[in-house]
Amino acid sequence: MHPLAVPTSTENGPKGLRPVTLGAFCSFTSEGNINFLLNVAHYVVRHCPAARFRILGFGELYRHVVQMVDDLELASQVTVAETDSLGLLSDMDVLFFLPLQNDHFLPVLAAAEKSIPVISCEVPGIDTYIADGRTGFILPYDDTKSMGELAIRLIGDRTLREGLGLALNESLAARFSAQTVAAQYEALFWQQTLEAPWQKKSAQG
């Protein structure tokens with residue numbers, strides 16, 4: 001398993017000694033995709049009672065999200081935690097990445113760092129990180145049934161989960177490892193430095 005340039009976790013729980021845990025890291029704001037995420041969670045836990053669902057994130061709608069989970073009578077299987085720590089993703093077996101817009105892909109990188117498979121909705125840029133069917137899955141936006149059925153399939157197939165997670169880790173390690181990112185920043189620094197007006201003037205004599 002290759003380390004990537006994302007925040008590391010300090011919580012390493014023993015997988016295999018607990019139910020399969022699905023989850024997401026999202027924004028508890030009007031810009032988040034909370035309703036769709038809860039629809040998927042509702043589908044999964046109703047069809048697979050052994051599943052557990054964790055929703056991590058932060059924002060002013062945190063208490064509203066908690067109340068929605070209670071209203072849907074999902075609190076026994078779905079937990080909501082207010083946090084900005086991507087390290088908590090290490091407790092998950094599958095990550096849902098369901099943003100309304102591609103503001104960043106840090107949750108995908110954090111999942112890859114821990115070899116956690118990702119199910120994503122179609123969002124511009126996601127195919128840079130996930131090869132559909134090989135290192136994860138990309139499904140149409142707002143397709144609750146397809147997302148839920150795929151999640152249930154992964155719940156029942158540990159070999160598939162682990163294989164996808166490892167493939168995602170290996171695929172992204174070459175491009176997003178700490179060493180690679182540092183080298184890219186160094187190259188960018190020298191490129192900008194050499195192109196600076198005072199450097200050009202100096203080079204011209």
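Can you find a residue that is charged (D, E, K, R), assigned to a helix (DSSP H, G or I) and modelled with pLDDT of 65 or more anywhere in segment 134-150? I'd like the intermediate steps shown before the answer.
To start, the set of residues in segment 134-150 that are charged (D, E, K, R) comprises 134, 142-143, 145, 149.
Filter again for assigned to a helix (DSSP H, G or I), leaving 145, 149.
Now restrict to residues that are modelled with pLDDT of 65 or more: 145, 149.
Within segment 134-150, one or more residues are charged (D, E, K, R), assigned to a helix (DSSP H, G or I) and modelled with pLDDT of 65 or more.
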Tally, over segment 40-60, of residues that are surrounded by 18 or more Cβ atoms within 10 Å (Cβ to Cβ), closer than 24 Å to His104 by Cα, in contact with a Ser or Thr (Cβ under 8 Å, 6 or more places away or on another chain) and of a type outside the set (Phe, Trp, Tyr): 5
Hits in segment 75-96 - residues which are surrounded by 19 or more Cβ atoms within 10 Å (Cβ to Cβ) and outside any helix (DSSP H, G or I): Gln77, Val78, Val80, Met92, Asp93, Val94, Leu95, Phe96
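Scan segment 57-107 for residues that are in contact with a strand residue (DSSP E or B) (Cβ under 7 Å, 6 or more places away or on another chain) and either within 19 Å of Ile155 (Cα to Cα) or of a type in the set (Gly, Ala, Ser) (or both) and report the count. Talk me through it step by step, then tell me what you get.
The first filter runs over segment 57-107 and keeps only residues in contact with a strand residue (DSSP E or B) (Cβ under 7 Å, 6 or more places away or on another chain), leaving 57-59, 62, 65-66, 69, 77-84, 86, 88-89, 91-98, 107.
Adding the requirement that they be either within 19 Å of Ile155 (Cα to Cα) or of a type in the set (Gly, Ala, Ser) (or both) leaves 57, 59, 77-79, 81, 89, 91-98.
Of the residues in that region, 15 qualify.
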Of the criteria (1) among the basic types (Lys, Arg); (2) under 16 Å from the mean Cα position of the chain (by Cα); (3) more than 25 Å from Arg153 (Cβ to Cβ), which one Arg54 fails: (3)
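Confirm whether Gly32 is at pLDDT below 85 and surrounded by fewer than 17 Cβ atoms within 10 Å (Cβ to Cβ).
Values: at pLDDT below 85: yes; surrounded by fewer than 17 Cβ atoms within 10 Å (Cβ to Cβ): no.
It is false that Gly32 is at pLDDT below 85 and surrounded by fewer than 17 Cβ atoms within 10 Å (Cβ to Cβ).
Between Ile155, Ile119, which is more than 16 Å from Asn33 (Cβ to Cβ) and either among the β-branched types (Val, Ile, Thr) or in contact with a Gly (Cβ under 7 Å, 6 or more places away or on another chain) (or both)? Full working, then the answer.
Details: Ile119 fails: more than 16 Å from Asn33 (Cβ to Cβ).
Among Ile155, Ile119, only Ile155 is more than 16 Å from Asn33 (Cβ to Cβ) and either among the β-branched types (Val, Ile, Thr) or in contact with a Gly (Cβ under 7 Å, 6 or more places away or on another chain) (or both).
The values are calculated or read from the model by the stated rules, or taken from the named source; none is laboratory data. What you see is a predicted model, and the numbers here were worked out from it, not measured in a lab. Every residue, glycine as well, gets a Cβ built from its backbone with ideal geometry; the counts of neighbours run over all protein chains shown.
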